[in-house]
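Since the structure comes first, as structure tokens, the remarks are kept for the end.
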Amino acid sequence: MNKPVLFRFDGTQLALGDRLGRGGEGEVYALANDNARAVKVYSGNGARERHEKILAMVAARLSELTTLAAFPIDPVRKRNGEFAGFIMRKVSGHKALFELYSPGARKSSFPQANYPFLVRTASNFSKAIGAVHASGCVIGDINPSGIFIADDAKVTLIDADSFQLSQGAKRFLCKVGVPDYTPPELQSMSLDGTVRTTNHDNFGLAIVVFQLLFMGRHPFSGSYSKGEMPIEKAIREFRFAYGKRPVGMVPPPGAPLFKHFPPALGGAFEAAFGPAASRPSAKDWIGLLDQLTRGLKGCRDNSLHHYWQGSPECPWCRMERTQGIMLFLPPFKAASPSAPSPSSISFNLEAVWRAIEAIAPPGACPPTPRLHDISPEPSAEARRLRAEAWKQKGLGAGAVALAGAILLASPGLWIFYIPAGWFGLARLFGCAGDVGGLKGQRSNLDRQWTRALGDWQNRCGNEPFSKLKADLYKDKQAYQGLSAELNQRLQSYQQNRRTTQLEAFLNGFYIRRAQIPGIGPAKTSTLASYGFATAADITTPHRIEQVPGFGPSNAYKLIAWRRRLEAQFAYNPNPNQADQVQLNNIKSDISRKEVSLRQKLADGQAALTRAAQQALSLRQAPDAQLQKLHEHKLQLDADIKHVHGSFSAPIGWGAAIFAIIAVLVAIGSWTPTAPVVQTSNTSTSLTPPVPNGFAPVDASDEGTGPDQVTPEEESAASSHYAVRETNVRFRASTSTPIIGKLPRGAQVMGVEVTPEGETKKWLKITSGPYKGYYASAEWNLSLNERPSLDTSATGQRVINESISALREPDPEAETVKELVAGTPVTLIGLTPDGYAEVSLKGGTIVYVPPSFLGDPASTYENPSTGVDGGPGVPLGQAVTAPVPHQALASLITADDYPASALYARQEGKVRVSIDVDERGGVSDCTMIVSSGFPLLDNATCRLMRARAKFAPAQDASGNPAPSATTVTIYWTLPRLD
């Protein structure tokens, strides 16, 4: 390689070292005698175009204003005196920004970088931009290739000779720019004569900050609902994929979201990328990023992750789960190669464990603790309540006495003595003062006591001792397995060594630098936003095809590129320094585990002894919390007794007076007569009392009347209600006469019986006018109360999909019968539990989910089968069904999954009715069963309209006729390879 001969303008010849780089504008060489500086030599017309600008930058002494940009220091010339380039600060030990923010490239270029490192880099980049602006320059062309990062996160901007500079009336413009970082107002414009501003730079600054914080994702790259959306077009149309404004784009799957960052940071991005263009400055970003740094916390599930403490979740765990990648590498530390093995430690595990086994457990805890009893006096509040109660009882007794006097004097004046008696009884039988409140406190105290007692029994019993011993046993097993764990980890490392080398090799090849046909800058940026940065990220065609705009063709090109690179890989089986470090790290980790476990086991005997002694000591002295609750209970008992215990006599007198008044009101008047004695030959009518509205039935052929209800039956009785109008019969048999009817919804008490020879249950009624008689309990009566109904929607309906009808509005209730699609029902109303109460033909009441009900006018039935789910036709028009050219369910594939629904992890079943016209096309699509997600519902109908084709149905004359059919589509999230 022939190096150019260069001179300073003072005539001093430069000694050039190695060539550091080569680009479109020229070459960069190190200075042989100055390790801190380098020389950029222009090629072609670059020297002539930049001559005046470089001299202006040197004259402005920009290189002395900041070290964060590689400004020209001195111009250089050729032997003939022509301007050739300039001397600048050498940027060594730095790597391009792209190698940091991309997770795949970061593993090779910045393996020690964690998320705080990324935030610090973003802050340092903002400081570099601010320093350039403070010097009076505008960068103009902000892009990752001009931003270099050191291992300590310091940032240096190169290509400073392209910055825009003003010198008096003369303005030296920046004539280049990368579309992905160019603000909307400059997109598609010629930059040759465009004057850049710091606000233009603020757009590129915000994009770089976003990429550093969001793992390389570009803010204008995402899933577009209507096809491919190049990034430059998305920028021009303000389609910020992560913002609050609806722009037709959503972030890539698994990408971090604004909820994972401080609200102020999200607001800054909204301002930077919105139409208003009120973009934050470099100073603004420095403050916001410092705030984020102070708010970072470690992830409890992954020690390598750090995120904002206000986030509802760790975004990096979420991203790794979604994309199947590792975002950060563990710290790479060299460990001592002489880590001791478990067998070399002088530690007698058997003796230690025998000592642990010798510690006896404390035994079961006694059922009750030791407590000190007290004899509390009634509180002042109890005395006040008792006095108030006596006042109320006195008032009640007076009212009852007045009612009795009016009754004896004028029995016909019931309008006076009944209200007076009711008022008096309410006062006599009412709660004594606020004793109900005292009893409520007592019930609440009982619940507190139960919880506190259980906690005490756990603490003073065997549970803490047993748990500690179980943990020690696990530690013993782990200690015994350390040798096996060490061998397994060493063997696993050797087995994975080739894979590790191959991944490191592929991570060195960046997609953005590769020459892949059909994969231009726009597609490269989109790939980067979806996590594809290096050849190592190219794994399966399925993952690539999930990126918007990438079909099988592009996926094949990328896979072929990776395979060509894999063919160049050469595995090195010889151990190297990195291998030794990793092996030492494994041995060191095992050694640390060994020391920790040995210490726990050695301390186990003392720890168990302390646990047993603590449990025993808790039993000896009263527990402070239980003692406090015990004293509170005794005080409440004393107060309740003081307030409530002296009112049994007034209540007894009130009950007697109430019985007398009830009898007198029942007979209408009080006239003393001689008692009537019923003799033994008095006949008894077999006609039972019948409720109003029902005529008595002659049941004389049944003998002696209804069965007697025994006390045992009355105690076993439970409340039922009539699900439908129900016959009441003389005996538990359908062969006996009907003596009356229970109207639907009527409440009745009874006990269920099953007589011999009967297969169904009967309810023996234990109260009311039908006491002793029977009603069928098979489907007519229910143990639950009738639910209250919303009757705003009633009328004729039809079952649109086969369903089990339930006896009660409860998913655990008995099934009455199976209803097939097309069954007509009458909707009575909706229950509070979300069920529809419907009546079947014949009057049977059942319950079904409302979603299974359809309008009879829009539901068709296949006349040949009568079963919903296959092709169907409207009755009265066609006599044959439409025949699909292709199975309807196969018309929709995983590739049709709506992008937004895929990102939101939406799944479900969609059932639609398709109207087929005379030509066999789809004229309409109607929802029958929704998935619950509009995206999936709308996609089903849209795709059916576009793709479904039929041999049309025929009418009786053999002519094509309109018809309908149904189809069920199960939208299931595709499996990631």
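The values are calculated or read from the model by the stated rules, or taken from the named source; none is laboratory data. All figures in this text were calculated on a predicted structure; none of them were measured in a lab. Heads up, the Cβs are rebuilt from the backbone with ideal geometry, glycines too, and the neighbour counts pull from every protein chain shown.
Remarks
- Answer residue from segment 356-384, given it is among the aliphatic types (A, V, I, L, M) and closer than 25 Å to Leu438 by Cα and is surrounded by the most Cβ atoms within 10 Å (Cβ to Cβ) among those: Ala382
- Of everything in segment 887-921 that is among the small types (Gly, Ala, Ser) and assigned to a loop (DSSP other than H, G, I, E, B), the residue that is modelled with the lowest pLDDT is Ala904.
- Top-ranked residue of segment 68-82 - restricted to ones that are in contact (Cβ under 8 Å) with a residue 24 or more places away in the chain and in a loop (DSSP other than H, G, I, E, B), ranked as farthest from Asn124 (Cα to Cα): Arg79
- Selection from segment 112-132 of residues that are more than 14 Å from Leu97 (Cα to Cα) and either among the polar types (S, T, N, Q) or under 33 Å from the mean Cα position of the chain (by Cα) (or both): Gln112, Asn114, Tyr115, Pro116
- The single residue among Val178, Val208 that is crowded, with 22+ Cβ neighbours inside 10 Å, within 28 Å of Phe117 (Cβ to Cβ) and either aliphatic (A, V, I, L, M) or in contact with a helix residue (DSSP H, G or I) (Cβ under 8 Å, 6 or more places away or on another chain) (or both) turns out to be Val208.
- Residue within segment 89-102 that is of a type in the set (A, V, I, L, M, F, W, C), outside any loop (DSSP other than H, G, I, E, B) and over 28 Å from Asp180 (Cβ atoms) present: no
- Residue identified as more than 23 Å from Arg911 (Cα to Cα) and of a type in the set (Ser, Thr, Tyr) among Ser776, Ser804: Ser776
- Here Thr682, Thr673, Thr704 are screened, and the one residue that is part of a loop (DSSP other than H, G, I, E, B), at pLDDT 50 or above and among the hydroxyl-bearing types (Ser, Thr, Tyr) is Thr704.
- Residue among Ile142, Ile149 that is touching a strand residue (DSSP E or B) at 6+ places or on another chain (Cβ under 8 Å), assigned by TED's automatic domain parsing to the domain that holds Leu265, outside any helix (DSSP H, G or I) and among the β-branched types (Val, Ile, Thr): Ile149
- Residues being assigned to a loop (DSSP other than H, G, I, E, B) and aliphatic (A, V, I, L, M) are represented in segment 756-778 by at least one member.
- For segment 924-961, the tally of residues that are in a loop (DSSP other than H, G, I, E, B), buried (at least 19 other Cβ atoms within 10 Å of the Cβ) and not polar (S, T, N, Q) stands at 2.
- Number of the exception - Gln112 against (1) crowded, with 18+ Cβ neighbours inside 10 Å; (2) within 30 Å of Ala255 (Cα to Cα): (1)
- Inter-residue pairs, beta-carbon under 7 Å, first closer than 19 Å to Gln211 by Cβ and in segment 180-198, second part of a helix (DSSP H, G or I) and among the aromatic types (Phe, Trp, Tyr), 6+ apart: Pro183/Phe203
- Test: residue in segment 453-475 that is modelled with pLDDT of 80 or more, over 30 Å from Gln620 (Cβ atoms), assigned to a helix (DSSP H, G or I) and in contact with a Leu (Cβ under 8 Å, 6 or more places away or on another chain): yes
- Selection from segment 152-205 of residues that are over 45 Å from the mean Cα position of the chain (by Cα) and small (Gly, Ala, Ser): Ala160, Ser162, Ser166, Gly168, Ala169, Ser190, Gly193
- Residues in segment 447-491 that are of a type in the set (Ser, Thr, Tyr), without any contact (Cβ under 8 Å) to a residue 60 or more places away in the chain and closer than 30 Å to Leu629 by Cβ: 1 in all.
- The residues of segment 513-526 that are surrounded by 13 or more Cβ atoms within 10 Å (Cβ to Cβ) and either over 36 Å from the mean Cα position of the chain (by Cα) or without any contact (Cβ under 8 Å) to a residue 24 or more places away in the chain (or both), listed by number, are Ala514, Ile516, Ile519, Pro521, Thr524.
- Qualifying residue in segment 89-100 (condition: aliphatic (A, V, I, L, M) and either within 17 Å of Leu165 (Cα to Cα) or out of contact with any helix residue (DSSP H, G or I) (no Cβ under 9 Å at 6 or more places or on another chain) (or both)): yes
- Each residue in segment 534-567 was checked for being under 15 Å from Gly508 (Cα atoms) and either in a helix (DSSP H, G or I) or touching a Cys at 6+ places or on another chain (Cβ under 7 Å) (or both), and 10 of them qualify.
- So Val132, is it over 21 Å from Asp161 (Cβ atoms) and out of contact with any Phe, Trp or Tyr (no Cβ under 6 Å at 6 or more places or on another chain): no
- Filtering segment 703-757 to residues that are under 56 Å from the mean Cα position of the chain (by Cα), hydroxyl-bearing (Ser, Thr, Tyr) and under 25 Å from Val816 (Cα atoms) leaves Ser718, Ser719, Tyr721, Thr726, Thr754.
- Residue, farthest from Ala881 (Cα to Cα), within segment 847-869, restricted to residues that are assigned to a strand (DSSP E or B) and modelled with pLDDT under 85: Gly854
- Selection within segment 30-63 - crowded, with 17+ Cβ neighbours inside 10 Å, more than 14 Å from Ala84 (Cβ to Cβ) and basic (Lys, Arg): Lys53
- Meets criteria (over 31 Å from the mean Cα position of the chain (by Cα) and modelled with pLDDT of 85 or more) for Ala821: no
- Tabulated pairs, segment 386-411, first touching a residue at least 40 places away in the same chain (Cβ under 8 Å), second outside any helix (DSSP H, G or I) and hydroxyl-bearing (Ser, Thr, Tyr), C-beta under 7 angstrom, 6+ apart or interchain: Pro411/Ser669
- Checked against the criterion of being modelled with pLDDT under 95, small (Gly, Ala, Ser) and more than 25 Å from Gly274 (Cα to Cα), segment 178-189 has no qualifying residue.
- Qualifying residue in segment 783-806 (condition: of a type in the set (Asp, Glu), assigned to a loop (DSSP other than H, G, I, E, B), over 34 Å from the mean Cα position of the chain (by Cα) and loosely packed, with under 13 Cβ neighbours inside 10 Å): yes
- Against the test of being at pLDDT 85 or above and part of a helix (DSSP H, G or I), the options Ala528, Ala606, Ala578, Ala570 yield a single qualifying residue, Ala606.
- Checked against (1) assigned to a loop (DSSP other than H, G, I, E, B); (2) closer than 26 Å to Tyr897 by Cα, Ser188 meets all criteria but (2).
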